[in-house]
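Asker: I have a structure I would like to understand better, so I am pasting it below and will then ask my questions one at a time.
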Amino acid sequence: MGASKIRRKMKMGTLLITNGTLIDPKNKKNGKWDLLIENGVVKDILKSGSVGAGLKPAHKNFQVIDAKGLVVAPGFVDLHTHLREPGFEYKETIETGTASAAAGGFTSVCCMANTNPVNDQASITQYILKQAKEKGLVNVFPIGAVTKGLEGKELSLMGELKKAGCVAVSDDGKTVRNAQLMRLAMEYARSFDLPVITHAIDPDLAERGVMSEGSMSTSLGLRGIPNEAEDIIIARDIYLAQLTGARLHVAHVATREGVELVAKAKKKGLSITCEVTPHHFTLTDDAVSGYDTNTKMAPPLRSEEDRRALIEGLRDGTIDAIATDHAPHALIDKEVEYDCACFGIVGLETALALSLKLVESKKLKIEDVISLLTWKAASIVGLRKGDLAVGADADVVIFDPNQAWTVQASAFQSKSKNSPFDGMKVKGRVKTTIVSGKIVYTM
Amino acid sequence: MMKFERKDLLGIEDLSRKEIEFILHTARTLNEVSNRAVKKLPTLRGKTVINLFFESSTRTRTSFEIAGKRLSADVINISKSGSSIEKGENLLDTAKNLEAMGPDIIVCRHSSAGVPWVLAKNLKASVINAGDGAHEHPTQALLDIMTVQDAKGKTDGLNISIVGDIAHSRVARSNIYGFLKMGAKVTVVAPYTMMPHGIEKMGVRVSHQLQEGVRDADVIMMLRIQQERLGLAPFSTLREYSQLYGLNLSVLKNCKKDVVIMHPGPVNRGVEIDAQVADGPYSVILTQVTNGVSVRMALLYLLAGGK
């Protein structure tokens, strides 16, 4: 079979996933279990092979997936996706972005508000949800803006955003520069029980910066962004969370000090969580040396010391989730001068393989990686996703943790192909992705 | 005799001392042409050199143009106004279009670091970096090394002090790579606001005080203060900068007696360097310009003709 097959409109029925290793960390399951799915939810979890020929399927379309040698896990939940629709359909659409998610094993994505128009009011949220319902392959949970138009001047309509279905608010891509406005945003968001996600990069310290500041930026002659540009805003927002009692989530932590600040805040008992991206725990600013614009991201790739601290943060539980910061950009955004290129990379389709590197290098156990990609991420934005208890939504990923493959950006389901991992040899490949009992991706 | 195997000349960082010496040897051989009554060699007849200058330049562009014409190449100048180099401009498209016209050498200057590398990777033509952002300016470093050799007879063991906005200077970076490879010791001098992070990892001594930084120098290289730069100024007033980091006779008084003064130009007299110093007996600023033509002739010759 050539290209991956995507079936959008399969009728609901009964699906049995048998012979696989079921890993459902939230429910402390890791072993030979069969998963029985009916009407879009988990119907039963049975001893492997116990559903024999004697089973009388309740529906005509009874399907069996043989997952021999494969891992069966809750579908991944991405806290940080840019679907680009509305406004930047040349980079990505809800259709292609969710196809990319499905190919990466993600069954739910939280999409950021920096669309055009910005998702700062209910009508935009409704539009996104409508498109997702009609064309999306996976669950889409919009994140609303903190400020109108992401301009950092006035609060967005958080009340109606929440009502329309937003699960959090964030000005991601921009930092709320004014501390008083951020304070108000946290207080306002708290009134609607919305977590605030901070994109923490001080815009003045980072001005015109394109990579991490250090000996590499000095040698390349590129303008640097100091670690402190992130640390200062993380510290500021932690103090504001302390002041306001708001739920704060720090997006894409990339520095050692950032991890330490979050750890300290947690120790204090504050309601703070944070995420890390696969590219930040995989690459360092050394990758910039060839001026490949696919190494340009915000926050920038940091030093080896920072990278190690991120992995340590994953190990000790300071970091709550792995999120992709899937940021598709077209060739015309990237085939330009390094200074002019857009920030960000395609993330959904390489996240699993890059995360599994941490298992191979014995930094994490496979259950930990799955937790970070599923229920832990979901709980940050209050989603009842990411586990396979009886009665839960049947969002499932089946993957081969050992299959070696070479990342081929041109074969991505995403509309964009901007990836620094193109050509990289990795291990761990998604075989099947199931959303509410429907197969949305098979390799 | 050594063969020059490179397709492109992008930076000093990846050149060996041998290659630098070979380029300078070639430059000295060609130097003689510039002193003839008829300043022309037929070597590059039928070759096309495009000067692709995305950033304005008088000295470097003219120098490359004269170098090309003295070797009988057809030299075309393309300059782009700063306004058109904006987000969304497809660099590769520009490059591919030029390629379609079949040039042999593209000489590129750009305000963004790395552009010559991108061009070189995507073009069959040879690419010469004529300055990329705050990264490298290899032909400047080559002509500077040549000038120091002319003045001092050697580079090994010399103390070179580079003074000024190191953070934003491609001349500084290329010269640091170049002089270190040539056996010299390099000191960089600037206030902290103009000193980039991690510069000491390049193997230089760092000083923040002018007199201290140039006391033992055999060569002092003053960098131009770019008054037109964007963003917040890294010093209070030009007057204060000039008082603290400008090279004048009273600073020079405490330097080595045979110190040589250099400047990549254009000079701001009275800012980073006093007129009496710039135009004084220790100054080799105009020799630098003359050597620039020879070095560029050598590179055009080696990349297009001398194979």
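The values are calculated or read from the model by the stated rules, or taken from the named source; none is laboratory data. Here the structure is a predicted model, which means the values were calculated and not measured. Cβ coordinates were reconstructed from backbone atoms using ideal geometry, including for glycine residues, and neighbour counts include every protein chain displayed. Only protein heavy atoms, including side chains, enter the accessible area calculation; ligands, DNA and RNA are left aside. Shrake-Rupley method; radii C 1.70, N 1.55, O 1.52, S 1.80 Å.
Asker: Only one of A:K385, A:K427 is of a type in the set (D, E, K, R), touching a Pro at 6+ places or on another chain (Cβ under 9 Å) and under 18 Å from A:A67 (Cα atoms); which?
Answerer: Numbers: A:K385 fails: under 18 Å from A:A67 (Cα atoms).
Matching residue, one of A:K385, A:K427: A:K427.
Asker: Report, by residue number, each residue of segment B:43-81 that is among the aliphatic types (A, V, I, L, M) and touching a strand residue (DSSP E or B) at 6+ places or on another chain (Cβ under 6 Å). First the steps, then the outcome.
Answerer: Our first condition is that a residue be among the aliphatic types (A, V, I, L, M); within segment B:43-81, this holds for B:44, B:49-50, B:52, B:66-67, B:71, B:73, B:75-76, B:78.
Scanning segment B:43-81 gives B:V49, B:I50, B:L52, B:A73, B:V75, B:I76, B:I78.
Asker: Still on this structure, please answer the following. So B:A167 ticks every box in (1) within 13 Å of chain A (Cβ to nearest Cβ); (2) within 23 Å of B:R61 (Cα to Cα) but one. Which box is left unticked?
Answerer: (2)
Asker: I'm trying to understand the selection: among the residues of segment A:272-294, which are open to solvent by 10 Å² or more (accessible area, probe 1.4 Å) and in a helix (DSSP H, G or I)?
Answerer: The answer is A:T282, A:D285, A:D286, A:A287, A:S289, A:G290, A:T293, A:N294.
Asker: Which strands (runs of 3 or more DSSP E) sit wholly inside segment B:159-275 and have at least 1 residues that are under 29 Å from A:D285 (Cα atoms)? Break it down into steps so the answer makes sense when it comes.
Answerer: Working: elements: B:159-163, B:185-189, B:205-207, B:219-222, B:260-262.
Filter on segment B:159-275 gives B:159-163, B:185-189, B:205-207.
Asker: Next question, about the same structure. Which of the following residues is of a type in the set (A, V, I, L, M), touching a residue at least 40 places away in the same chain (Cβ under 8 Å), surrounded by fewer than 24 Cβ atoms within 10 Å (Cβ to Cβ) and at negative phi: A:A200, A:A263, A:A254, A:A235? Break it down stepwise before answering.
Answerer: Values: A:A200 fails: surrounded by fewer than 24 Cβ atoms within 10 Å (Cβ to Cβ); A:A254 fails: surrounded by fewer than 24 Cβ atoms within 10 Å (Cβ to Cβ); A:A235 fails: touching a residue at least 40 places away in the same chain (Cβ under 8 Å).
Just one listed residue meets the conditions, A:A263.
Asker: Would you check which residues across segment B:144-158 are assigned to a loop (DSSP other than H, G, I, E, B) and hydrophobic (A, V, I, L, M, F, W, C) and list them? Please lay out each step first, then the result.
Answerer: Taking segment B:144-158 first, the residues assigned to a loop (DSSP other than H, G, I, E, B) are B:153-158.
Within segment B:144-158, just B:L158 meets the criteria.
Asker: Kindly evaluate B:A120 against the criterion of being within 13 Å of chain A (Cβ to nearest Cβ), surrounded by fewer than 23 Cβ atoms within 10 Å (Cβ to Cβ) and closer than 24 Å to B:A27 by Cα. Working first, answer last.
Answerer: Numbers: within 13 Å of chain A (Cβ to nearest Cβ): yes; surrounded by fewer than 23 Cβ atoms within 10 Å (Cβ to Cβ): yes; closer than 24 Å to B:A27 by Cα: yes.
Judged against the criteria, B:A120 is a match.
Asker: Checking A:Q413 against (1) outside any loop (DSSP other than H, G, I, E, B); (2) at pLDDT 95 or above: exactly one of these is not met. Which one?
Answerer: Status for A:Q413: all satisfied but (1).
Asker: I would also like to ask the following. Restricting to segment A:330-365, give me the number of residues that are closer than 26 Å to A:V397 by Cβ, in a loop (DSSP other than H, G, I, E, B) and open to solvent by less than 40 Å² (accessible area, probe 1.4 Å).
Answerer: Restricting attention to segment A:330-365, the residues satisfying the condition of being closer than 26 Å to A:V397 by Cβ are A:344-365.
Still in the list and also in a loop (DSSP other than H, G, I, E, B): A:344, A:346-350, A:361-365.
When the remaining residues are screened for being open to solvent by less than 40 Å² (accessible area, probe 1.4 Å), the result is A:344, A:346-350, A:364.
Number satisfying all stated conditions: 7.
Asker: Okay, moving on. Counting just the residues of segment B:131-157 that are within 14 Å of chain A (Cβ to nearest Cβ) and aliphatic (A, V, I, L, M), which one comes out most open to solvent (accessible area, probe 1.4 Å)?
Answerer: Going through segment B:131-157, the residues within 14 Å of chain A (Cβ to nearest Cβ) turn out to be B:131-138, B:140-141.
Okay, now just the ones that are also aliphatic (A, V, I, L, M), so B:134, B:141.
Details: B:A134: 16, B:A141: 0 Å².
Selected residue: B:A134.
Asker: If you go through segment B:196-217 one residue at a time, do you hit one that is of a type in the set (K, R), at pLDDT 95 or above and buried (at least 18 other Cβ atoms within 10 Å of the Cβ)? Step through it out loud before you land on a result.
Answerer: To start, the set of residues in segment B:196-217 that are of a type in the set (K, R) comprises B:201, B:205, B:215.
Now drop any that are not at pLDDT 95 or above, which leaves B:201, B:205, B:215.
From the residues that got through so far, the ones that are buried (at least 18 other Cβ atoms within 10 Å of the Cβ) too are none.
No, the conditions are met nowhere in segment B:196-217.
Asker: With B:G68, B:G46, B:G114 as the choices, which residue is surrounded by 24 or more Cβ atoms within 10 Å (Cβ to Cβ), more than 19 Å from B:G292 (Cα to Cα) and of a type outside the set (S, T, Y)? Reasoning before the result, please.
Answerer: On the way: B:G68 fails: more than 19 Å from B:G292 (Cα to Cα); B:G46 fails: surrounded by 24 or more Cβ atoms within 10 Å (Cβ to Cβ).
Result: B:G114 is the single residue among B:G68, B:G46, B:G114 that is surrounded by 24 or more Cβ atoms within 10 Å (Cβ to Cβ), more than 19 Å from B:G292 (Cα to Cα) and of a type outside the set (S, T, Y).
Asker: Out of curiosity, is B:L180 within 14 Å of chain A (Cβ to nearest Cβ) and open to solvent by 10 Å² or more (accessible area, probe 1.4 Å)?
Answerer: On the way: within 14 Å of chain A (Cβ to nearest Cβ): yes; open to solvent by 10 Å² or more (accessible area, probe 1.4 Å): yes.
Here the answer is yes, as B:L180 does meet what is asked.
Asker: Test B:E55 against the criterion of being within 14 Å of another protein chain (Cβ to nearest Cβ), in contact (Cβ under 8 Å) with a residue 40 or more places away in the chain, within 17 Å of A:D339 (Cβ to Cβ) and open to solvent by 10 Å² or more (accessible area, probe 1.4 Å), and give yes or no.
Answerer: yes
Asker: A further question follows. Do we find a residue being under 30 Å from A:Q242 (Cβ atoms) and either in the same structural domain as A:H329 (by TED's automatic domain parsing) or without any contact (Cβ under 8 Å) to a residue 24 or more places away in the chain (or both) anywhere in segment A:280-288?
Answerer: Quick first cut of segment A:280-288, residues under 30 Å from A:Q242 (Cβ atoms) only: A:280-281.
Next, from what is left, pick out any that are either in the same structural domain as A:H329 (by TED's automatic domain parsing) or without any contact (Cβ under 8 Å) to a residue 24 or more places away in the chain (or both): A:280-281.
Within segment A:280-288, one or more residues are under 30 Å from A:Q242 (Cβ atoms) and either in the same structural domain as A:H329 (by TED's automatic domain parsing) or without any contact (Cβ under 8 Å) to a residue 24 or more places away in the chain (or both).
Asker: Another question about this same structure. B:L210: within 14 Å of another protein chain (Cβ to nearest Cβ) and in contact (Cβ under 8 Å) with a residue 24 or more places away in the chain, yes or no? Working first, answer last.
Answerer: Working: within 14 Å of another protein chain (Cβ to nearest Cβ): no; in contact (Cβ under 8 Å) with a residue 24 or more places away in the chain: yes.
Spelling it out, it is not the case that B:L210 is within 14 Å of another protein chain (Cβ to nearest Cβ) and in contact (Cβ under 8 Å) with a residue 24 or more places away in the chain.
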